[in-house]
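The values are calculated or read from the model by the stated rules, or taken from the named source; none is laboratory data. Here the structure is a predicted model, which means the values were calculated and not measured. Backbone-built Cβ (ideal geometry, glycine too); neighbour counts: all protein chains shown. Each accessible area value is taken on the protein alone, full model and side chains, heavy atoms only, with ligands, DNA and RNA left out. Shrake-Rupley method; radii C 1.70, N 1.55, O 1.52, S 1.80 Å.
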Amino acid sequence: MEEELHFVQHIKFMSECGYGYNRTEVVDMATLYAISIGKRDKDHPLTLKWFRGFMSRWPELRVLKARGLEMQRAKATTVQCVQSYYRELAAILTKFDLVDRPERIYNVDEKGLSTRHKPPSVVTSGDVKPQAVTSGTRTLTTVIGCGNALGHCVPPFFVFPGVRMRSELLEGKSPGANGTCTESGWSNSEVFKTYLEDHLLKYLPERSPSSPVIVLHDGHKSHINLGIIDWAKSQNIILFILPAHTSHVLQPLDVGCFGPFERIYNSECHKFMRDNCGQGNTRYNICPLGCSTYLKALTPGNLQSSFRKAGIYPLNPDIVHPSNFRQSEALQQETPEKPQLNNNTVPLASNTEFFRPKESTILVKNTATKKRRCLSAVVSGKAITEPEVHVKIVEHQHASVKKTKEPTSDPSRLQTPPLPMVLPDSDSDVETDDVPCCVCACVAPEEMQHNTSLVFVKWVQCSKCSHLAHVGFCTVARVFRRGMCMFVHTALRKSRHKSYVIYNVHIT
């Protein structure tokens, strides 16, 4: 049992790090482990029958479906980041006396709804693999949801794909639901501003400088701009940004509401397809299906549970389970060099040393990357309506603006004052047959002097000195339009050495 205990600890460790083993891998590794300690030989490997007995001997082990976790989320969910977030949140809630006022703590989040749903599990015979009919096309509609810690939900706001909003898209909506359109179906800065000003504001309680409302949301760039911050200040609303890439453990709606939302939505779409045989799910059906799902998922019980699991109300900085930090610890911990093993030989080692190479492979630290100067580093885990954070946002935006490079002064280039130039009118008295060009000092361009074919050469005339130049041959610009100001790069060919002048040209 002692040998199996080391194996069980290794399985738990790999699972907590996000690199767990499946059934076959557990059996194969157990075989190598048994061979290394002299319990088995290569001709008698372990089987799935042993695996079933192994699982019965260790009831704390179970075979579960793992949830995908993006690399950025795994790295960002650190103990330091979460602790800093809760310290800042506690300071803001205490400052504005919101610790025990759940009716004034809100969370805004977005969820994508696809017309091609994921079929739910169905009851069928075991002879055939079941199939479920889905829509042939896939379009995305975003629903913006909101609720407070007391359990009250704000009606949904839909962002449909399209150029122009149609009233038919909102047919069958629940009371208070509304929406708009964007080309992609995703939210943007303008949509988020419209949602706050024209939709959410109607459902917020009365506010004052001494009794504001706090709204928590993620730090997507479409949710952060100076216009929204100034508006929120004028409305006594505190905008609090969650730490980047941590919404799966810190955002209330993600923690307790949008999981049931997705399952209920797939079930509603499946039922709609069955009740309307031969009719596909389109963006015109999203609103009634989404509203029905929204009311079933964002119930008072689910909302209260979501804020409790996120540690917001009641405020609990220790609510996040330590297993959520294991991935970041494994990805950031520095260990000795990765040992080199020969795949053709079975390692002979003690009970603990057998698993050390496999664990060190997970714990090896990659080369540190240079941190980017991004907006999330300024607003992550902070209230952006606070004066000190607002100043940092303004400084970041000024620093991110690319400075236009001034043209370098070159003494070798001929500097002359700008000369306004105009195109001669067709009825002008100026004859250009014998007038030389002021640039090349020739009547005809040098390129055309030995040309035997007929070519019409256009001229441009200075409005002050009436000098003429060949358009396209002695000027870089090939087209001049009346009433426009532009720069012309003109080549002076009075000598073998070419110098250049930039003329400020005004076409009348």
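List of remarks:
- Inter-residue pairs, beta-carbon under 8 Å, first closer than 13 Å to F54 by Cβ and in the range 1-30, second aliphatic (A, V, I, L, M) and assigned to a loop (DSSP other than H, G, I, E, B), 6+ apart: E3/I37; V8/L61; I11/L61; R23/V63; V27/L46; A30/L46
- Once the range 232-279 is narrowed to residues that are among the small types (G, A, S) and over 26 Å from the mean Cα position of the chain (by Cα), the residue that is surrounded by the most Cβ atoms within 10 Å (Cβ to Cβ) is S267.
- Among the residues here, I264 does not qualify as among the aliphatic types (A, V, I, L, M), closer than 20 Å to F160 by Cβ, touching a residue at least 24 places away in the same chain (Cβ under 8 Å) and in a helix (DSSP H, G or I).
- Any hit, the range 305-314, residues being buried (at least 17 other Cβ atoms within 10 Å of the Cβ), in contact with a strand residue (DSSP E or B) (Cβ under 6 Å, 6 or more places away or on another chain) and charged (D, E, K, R): no
- Number of the condition not met by E168 [criteria: (1) farther than 26 Å from L204 by Cα; (2) in a loop (DSSP other than H, G, I, E, B)]: (2)
- Qualifying positions in the range 292-326 - touching a Cys at 6+ places or on another chain (Cβ under 9 Å) and not in a helix (DSSP H, G or I): L298, T299
- Among the residues making up the range 197-237, those that are assigned to a helix (DSSP H, G or I), without any contact (Cβ under 8 Å) to a residue 40 or more places away in the chain and more than 21 Å from Q251 (Cβ to Cβ) are E197, D198, L201, K202, G227, D230, W231, S234.
- Hits in the range 6-42 - residues which are of a type in the set (S, T, N, Q) and open to solvent by less than 40 Å² (accessible area, probe 1.4 Å): T31, S36
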